[in-house]
Amino acid sequence: MDHTKQEGEYGYELFPHRNMGKNKQGSIAEGQFTFNHKCQIMLQFAMETSPYAKLLLSAMKNSGCKLFKDRHFSCEDCDGTVSGGFDASSSQIVLCQNNIRQQSHMNRVVTHELVHAFDHCRADVDWFNNLRHLACSEIRAANLSGDCSFSTEAARFNFGLKQHHQDCVRGRAIRSILAVRKIGQEEAEKIVNEVFNTCFNDHAPFGRIPHSKKDANFAYRDYENRDRYYSNL
Amino acid sequence: MDRSGQKLWRPPRACDDYWSEFRHCKSLWNRFHHYYTHGTSPSCQQWKEDYRNCREWEKRKSTEAKEALQRSERNRVAEQTKFTPVWKLRQYPPRDWNMPLNQDKPQDS
């Protein structure tokens, strides 16, 4: 893989431990150890119990990208308020152990990053050079992960009702792009608007927008049933 | 009963699945979420229709029921794929998906 990307251009500065080598597990600070340990536990719980995560893990396995916890997930300290990221160059999902404090948040972040990983697995996503690709994956991740569910938005004191979900998805996609690329607000908005309709309606692998755990369970049921479904269409 | 040379057809979903989708669609929570997402009320009748056709097929092996069910499900698939993707789908997964993490990455900045 090409490693000549400049750090400052692609948001890598948000994840200062990415290029430090594999010593994150051997950190000497006690606080670090606790955060890391808690992150690992919450990650394991999310992978085993969240229907969102389970569906994505299953879909990725069936697409040839089976995920191994030790290889494809990394709990690290991150800057600012960022919760996680997907590093395409190392095929890893980064979880910000210092910013994820609750299981529900972990579930959402894992789902969000798994959507990116899923897109990377099934499509030729040009993460570094094609902003439309980046925008599309961010729209999908915000749409399908529960990032923009009513309760999650209400917890941020964003009280909207009619079609607020779409406003939220648009806004969060723009924010995500601005966090990792040095472009202006207007340009980010333009790109997101260009691809919004297509990407908002791409619900793979869920087959629907999972508004709640119940939706996600239904989607998981459908996914497990897909062989019967497609062979009897 | 398998016709010679034909694979035995059965509804794409178990009949109970159609019913549970219908109930879920009509639920207060779902109607709220649908309005929150799309600004409209969900339309749930098709699930009920599909359930009816599914049971009809189970009872009487009616060809009309089978075809109606197939039409409905094909519509659903079409609804999910009526956009043009911004990216090209891969033929194979990324080659470096399982490559070991490089401990001695070359310094490049």
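Figures for the structure shown
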| item | result |
| --- | --- |
| Karplus (6.51, -1.76, 1.60) ³J(HN,Hα), θ = phi - 60°, over the range A:150-165, in Hz, Gly and Pro reported as x | 4, 5, 5, 5, 4, 5, 8, 6, 9, 9, x, 10, 5, 6, 4, 3 |
| Buried area at the B-A interface (accessible, heavy atoms, 1.4 Å probe, summed, Å²) | 5000 |
| Drop in accessible area of at least 30 Å² in the complex versus isolated chain, residues of the range A:157-171, 1.4 Å probe | A:Leu161, A:Lys162, A:Gln163, A:His165 |
| Listed residue pairs exceeding 21 Å between alpha carbons, taken from A:Lys213/B:Lys66; B:Lys7/B:Lys48; A:Lys61/B:Lys82; A:Lys54/A:Lys213; A:Lys213/B:Lys26 | A:Lys213/B:Lys66; B:Lys7/B:Lys48; A:Lys61/B:Lys82 |
| Under the Karplus curve 6.51 cos²θ - 1.76 cosθ + 1.60, θ = phi - 60°, whole-Hz ³J(HN,Hα) for the range B:73-89, x wherever Gly or Pro sits | 5, 5, 4, 4, 5, 4, 4, 7, 10, 8, 10, 9, x, 7, 10, 8, 6 |
| Where the range A:156-207 is the region considered: accessible area per residue in Å², 1.4 Å probe | 54 |
| Surface accessible to a 1.4 Å probe, B:Met99 within the full protein complex, Å² | 100 |
| With at most 16 neighbouring Cβ atoms within 10 Å, loop trypsin sites (Lys or Arg not before Pro) (DSSP) excluded, longest segment of chain B | B:8-60 |
| Vicinal HN-Hα couplings computed from phi for the range A:115-120 (Karplus, 6.51 cos²θ - 1.76 cosθ + 1.60; Hz; Gly/Pro x) | 4, 4, 4, 4, 4, 5 |
| Amide proton proximity set for A:Ala123, modelled H, under 5 Å, gap of 5+ | B:Arg90 |
| Between the range A:182-222 and the range A:51-108, the alpha-carbon center distance in angstrom | 18 |
| Translational diffusion of the range A:96-191, µm² s⁻¹ [Kirkwood Rh, Cα pairs; Stokes-Einstein; 37 °C; 0.692 mPa s] | 233 |
| Among B:Trp87, B:Trp29, B:Trp97, residue whose mean-square fluctuation peaks in a GNM of chain B (springs only between Cα atoms under 10 Å) | B:Trp97 |
| Estimated FRET transfer efficiency when R0 is 51 angstrom, pair A:Asp227-A:Phe157 (beta carbons, to 0.05) | 0.70 |
| Averaged over B:34-43, number of beta-carbon atoms from partner chains that fall within 10 Å | 5 |
| Other protein chain Cβ atoms within 10 Å, averaged over every residue that makes up B:81-91 | 6 |
| Under 5 Å, built H, 5+ apart or other chain: amide partners of A:Gln92 | A:Asp87 |
| Accessible-area order (highest first, 1.4 angstrom probe) of the listed residues A:His72, B:His38 | B:His38, A:His72 |
| Mean-position separation - Cα centroids, the range A:118-150 and the range B:17-69, in angstrom | 30 |
| A:Leu161 accessible area, 1.4 Å probe, all protein chains in place, Å² to nearest 10 | 90 |
| Debye-sum result for the protein assembly as shown in log10 I(q)/I(0), which assumes one identical scatterer on each alpha carbon, at q = 0.14 Å⁻¹ | -1.18 |
| The range B:29-88: C-alpha gyration tensor shape, a/c 1.5 cut-off, then a/b vs b/c | oblate |
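The values are calculated or read from the model by the stated rules, or taken from the named source; none is laboratory data. The shown structure was predicted, so the numbers you read here are calculated from the model rather than taken from an experiment. With ideal geometry, Cβ positions are generated from the backbone for all residues, glycine too; neighbour counts draw on all protein chains shown. Accessible surface areas use protein heavy atoms only, side chains included; no ligands, DNA or RNA. Shrake-Rupley method; radii C 1.70, N 1.55, O 1.52, S 1.80 Å.
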